[in-house]
Amino acid sequence: MEPDKKINIYGVGKRGGSLIKLMEACNMPIGHIVDGNRDLWGTAIGNRRIESPEVLREGMNSPVCITVGSFIEIAKIRKRMQQLCRAGLYHEIPYHRLIMEIYEKTDLVQMLPAEKIKEQDHTTVIFGCEAGLGLGGIENWTKGICAKFIEEGDYTSFILTDHASYDIPEQLKGHILKADIDRGQMFTPYNMKRIINCIAQYLPCILVTSQPDQTLLAGKILKEAFGSKIKVISGIRGGYAEINDSYIHMRKCTDLYVSVNSAVRTDMIKRGIPSESIYTMLCPVECQNVLRRGYSLDPVLPIRAGFAGRLEKEEKRMDLMIKLIAKLEELQAHYYLEFAGGGSYEEKIRNYAKEHGCENKIRMLGKIDQNAIAAFWQDKDICINISDHEGRSRSTIEAMANGAVPVVTNTWGVQDDITDGENGFIVAVGDYGTMAQRICFLDRNRGRLPDMGSRAYKELRKKCSMDDHYAFWKRMINLVMQEKVK
């Protein structure tokens, strides 16, 4: 990027507002600030006016940074920008790459603690979870693996999170580091100082991150100041190519990568990460020593299906779930479907079922406690996942661990656990019609359920123990401590 080139900002949400503050603090030239929401046009963000994207027709020799967080919305914006710039002059600078370029030109001394750092006589492992410790796959994994490290006692272990209040398990109390970050100032020096100050007290340390976030950047800044006293392991969780893009833009931050499925690893290697610098982990899930459960073998009874997760259109595709229900009705499937979770589609699904006379086949349970998940799946013959994108769906592996047969879309990672036709069914992303047919097949061939469910359980049972997972992470830590990864 040319040093004096003005950068146009598309999007004025939290990420866009924070980026503008960062650029102003670092004296980076800003061009137009635009947003697709016409209600914002003519209003101000700080001292700058928000404009229509149409103004970008004129000066497309200047790069554009799209700051919205939704990958689906980013794709729509890119399409609009290409239509605006018929001459093909549209040049985008990705959000995370711009962050890195800004910090390459920033005096990092101001970020570091003013007082001298006193190093410890042992290595600390810090698991980053700056977005908070609420409900979610990353959050549950972070709490679980940190608790295991504490139990084993090989390293002093902590979770780095934000300053909000959470229900912390007893075992983790005293092991939570809270950074007083401001969500309206993401990646700004204000936030970076607070995260860096938290980590710097625990050197030497291994920092394990799960997002291309501020904590990952803090690791790079500390490495530049303290060298090998800090090593960074980046956990790659998502099922989007754009997430991998972000890690490539932040490549200088990471010593070792751990992907959540083999598809992510393959993609990162194609992008230039050495194969010896990226590993694949299998997240643990609780499994009974012996699978004890029944199935709906009597055709008089409905086959029991379940979905657990966010009831939203984006990623989870609850709009297609409604079409799936319609197709099951058309095919005269004998089914009963329960939803565990909340979201904007909860009422839409309920209303659809009522309007189309199938409300006796649909039940909305709302959010259920994590402790109730195993019982939820032990009551189900089938697990449904119709998402467009997944890393390695925790809901699906929890279902399989409890003997439910997965019927899922072909998102990244599903083929690590599911062999189509043997321990579940995989259909193309978006193909609710074939998904309905697979459910009907199981409805009309109930004898397949115990065998496929047992195979699903055994697949998870053999590779998802916390002891094995802990051994894997000890190996990763030993690798970075020995400086074998470049």
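Does any residue in region 267-280 that is more than 15 Å from Leu479 (Cβ to Cβ) and free of Cβ contacts under 8 Å to residues at least 24 places away in the same chain come within less than 8 Å, Cβ to Cβ, of a residue that is surrounded by 19 or more Cβ atoms within 10 Å (Cβ to Cβ) and of a type in the set (A, V, I, L, M) six or more places away or on a different chain, and which pairs are these?
Ile269/Ile278
Scan (1) at pLDDT 95 or above; (2) of a type in the set (Lys, Arg); (3) over 28 Å from Cys65 (Cα atoms) for the single condition Arg251 breaks and write down its number.
(3)
Hey, can you tell me all the residues within region 362-371 that are part of a helix (DSSP H, G or I) and either in contact (Cβ under 8 Å) with a residue 24 or more places away in the chain or closer than 16 Å to Arg292 by Cβ (or both)? Walk me through how you get there before you give the answer.
First pass over region 362-371, keeping only residues part of a helix (DSSP H, G or I): 370-371.
Result: Gln370, single match.
Report yes if some residue within region 340-354 is open to solvent by less than 40 Å² (accessible area, probe 1.4 Å), aliphatic (A, V, I, L, M) and assigned to a helix (DSSP H, G or I); otherwise report no. Walk me through it before giving the result.
Taking region 340-354 first, the residues open to solvent by less than 40 Å² (accessible area, probe 1.4 Å) are 340-343, 345, 349, 353.
Next cut, aliphatic (A, V, I, L, M) only: 340, 349, 353.
Keeping just the survivors that are assigned to a helix (DSSP H, G or I) gives 349, 353.
Yes, that holds for at least one residue.
Within the set of pairs 6+ apart or on separate chains, which have a first residue in region 417-431 that is at positive phi, a second that is among the hydroxyl-bearing types (Ser, Thr, Tyr), and C-beta atoms under 8 Å apart?
Short answer, once both residue conditions are applied: Gly430/Thr409.
Could you tell me whether any residue of region 77-85 is part of a loop (DSSP other than H, G, I, E, B) and either open to solvent by less than 20 Å² (accessible area, probe 1.4 Å) or modelled with pLDDT of 85 or more (or both)?
Kept after step one, since they are part of a loop (DSSP other than H, G, I, E, B), are these residues of region 77-85: 85.
After this cut, where a residue has to be either open to solvent by less than 20 Å² (accessible area, probe 1.4 Å) or modelled with pLDDT of 85 or more (or both) as well, the list is 85.
For region 77-85, residues part of a loop (DSSP other than H, G, I, E, B) and either open to solvent by less than 20 Å² (accessible area, probe 1.4 Å) or modelled with pLDDT of 85 or more (or both): present.
Look through region 431-465, keep the residues that are assigned to a loop (DSSP other than H, G, I, E, B) and modelled with pLDDT of 95 or more, and return whichever of them is nearest to Asp298 (Cα to Cα). So that I can check it myself, show each step before the final result.
Keep residues of region 431-465 that are assigned to a loop (DSSP other than H, G, I, E, B), which gives 431, 445-447, 462-465.
In the following step, the residues that additionally are modelled with pLDDT of 95 or more were identified as 431, 445-447.
Numbers: Asp431: 28, Asn445: 10, Arg446: 8, Gly447: 9 Å.
It comes out as Arg446.
Kindly indicate the residue of region 275-326 that is outside any loop (DSSP other than H, G, I, E, B) and closer than 24 Å to Asn371 by Cβ and also most open to solvent (accessible area, probe 1.4 Å) among those meeting that condition. Before you say what the answer is, go through the steps one by one.
Here is the first cut: in region 275-326, the residues outside any loop (DSSP other than H, G, I, E, B) are 275-280, 303-308, 318-326.
Among the residues that remain, those that are also closer than 24 Å to Asn371 by Cβ are: 304-308.
Details: Arg304: 58, Ala305: 5, Gly306: 0, Phe307: 5, Ala308: 18 Å².
By that ranking, first place goes to Arg304.
Is at least one residue of region 34-47 modelled with pLDDT under 90 and not small (Gly, Ala, Ser)? Please lay out each step first, then the result.
The first filter runs over region 34-47 and keeps only residues modelled with pLDDT under 90, leaving 46-47.
Now restrict to residues that are not small (Gly, Ala, Ser): 47.
So far as region 34-47 goes, yes, one or more of its residues are modelled with pLDDT under 90 and not small (Gly, Ala, Ser).
Would you be able to tell me the number of residues in region 200-230 that are hydrophobic (A, V, I, L, M, F, W, C) and over 18 Å from Ile99 (Cβ atoms)?
First pass over region 200-230, keeping only residues hydrophobic (A, V, I, L, M, F, W, C): 200, 203, 205-208, 216-218, 221-222, 225-226, 230.
If we keep only those that are over 18 Å from Ile99 (Cβ atoms) as well, we get 200, 203, 205-206, 208, 225-226, 230.
Within region 200-230, residues that are hydrophobic (A, V, I, L, M, F, W, C) and over 18 Å from Ile99 (Cβ atoms) number 8.
Filter region 1-58 for residues that are acidic (Asp, Glu) and open to solvent by less than 50 Å² (accessible area, probe 1.4 Å) and give the result.
Within region 1-58, the first condition is being acidic (Asp, Glu), and the residues that meet it are 2, 4, 24, 35, 39, 51, 54, 58.
Across region 1-58, the qualifying residues are Asp35, Glu51.
Report yes if Leu112 is open to solvent by less than 30 Å² (accessible area, probe 1.4 Å), farther than 24 Å from Gly17 by Cβ and not β-branched (Val, Ile, Thr), otherwise no. Can you show your working first?
Working: open to solvent by less than 30 Å² (accessible area, probe 1.4 Å): no; farther than 24 Å from Gly17 by Cβ: yes; not β-branched (Val, Ile, Thr): yes.
No, not satisfied.
Name the single residue, out of those in region 196-209 being open to solvent by less than 10 Å² (accessible area, probe 1.4 Å) and in contact with a strand residue (DSSP E or B) (Cβ under 7 Å, 6 or more places away or on another chain), that is nearest to Asn244 (Cα to Cα).
At the first step, the residues of region 196-209 found to be open to solvent by less than 10 Å² (accessible area, probe 1.4 Å) are 196, 199-200, 203, 205-209.
From what is left, the residues that are in contact with a strand residue (DSSP E or B) (Cβ under 7 Å, 6 or more places away or on another chain) are 199, 203, 205-209.
Numbers: Ile199: 25, Leu203: 28, Cys205: 25, Ile206: 22, Leu207: 19, Val208: 17, Thr209: 14 Å.
Looking at the filtered set, the residue picked out is Thr209.
Criterion first (polar (S, T, N, Q), within 26 Å of the chain's Cα centre (by Cα) and within 26 Å of Cys464 (Cα to Cα)) does Ser157 satisfy it? If you could, list the steps in order and put the result at the bottom.
Values: polar (S, T, N, Q): yes; within 26 Å of the chain's Cα centre (by Cα): yes; within 26 Å of Cys464 (Cα to Cα): yes.
Taking the combined requirement at face value, the residue satisfies it.
Can you say whether Asn37 is within 32 Å of the chain's Cα centre (by Cα), free of Cβ contacts under 8 Å to residues at least 12 places away in the same chain and farther than 26 Å from Met250 by Cβ, as far as the supplied structure shows? Spell out the reasoning first.
On the way: within 32 Å of the chain's Cα centre (by Cα): yes; free of Cβ contacts under 8 Å to residues at least 12 places away in the same chain: yes; farther than 26 Å from Met250 by Cβ: yes.
Answer is yes for this residue.
State whether the residues of region 285-308 include one that is within 17 Å of the chain's Cα centre (by Cα) and closer than 19 Å to Met364 by Cα. So that I can check it myself, show each step before the final result.
Here is the first cut: in region 285-308, the residues within 17 Å of the chain's Cα centre (by Cα) are 308.
Okay, now just the ones that are also closer than 19 Å to Met364 by Cα, so 308.
Looking for residues that are within 17 Å of the chain's Cα centre (by Cα) and closer than 19 Å to Met364 by Cα, one finds at least one in region 285-308, hence yes.
Please count how many residues of region 97-112 are assigned to a helix (DSSP H, G or I) and modelled with pLDDT under 85. Explain how you work it out, then say what you get.
If we filter region 97-112 for residues that are assigned to a helix (DSSP H, G or I), which is where we start, we get 97-104, 108-111.
Subsequent filtering for residues that are modelled with pLDDT under 85 retains 108-111.
Matching residues across region 97-112 total 4.
Hey, which of the strands (runs of 3 or more DSSP E) in region 381-429, taking only ones fully inside, have at least 1 residues that are modelled with pLDDT of 95 or more, within 15 Å of Glu315 (Cβ to Cβ) and open to solvent by less than 30 Å² (accessible area, probe 1.4 Å)?
Numbers: elements: 382-385, 405-409, 425-427.
It comes to 382-385, 405-409.
Scanning region 238-274 for residues that are closer than 18 Å to Glu104 by Cα and assigned to a helix (DSSP H, G or I), which turns out farthest from the chain's Cα centre (by Cα)?
Taking the candidates together, the pick is Lys252.
The values are calculated or read from the model by the stated rules, or taken from the named source; none is laboratory data. Given the structure is predicted, the values throughout are model-derived calculations rather than measurements. Please note: Cβ atoms are built from the backbone with ideal geometry, for glycine as well, and neighbour counts cover all protein chains shown. Ligands, DNA and RNA are excluded from the accessible area calculation, which covers all protein heavy atoms including side chains. Shrake-Rupley method; radii C 1.70, N 1.55, O 1.52, S 1.80 Å.
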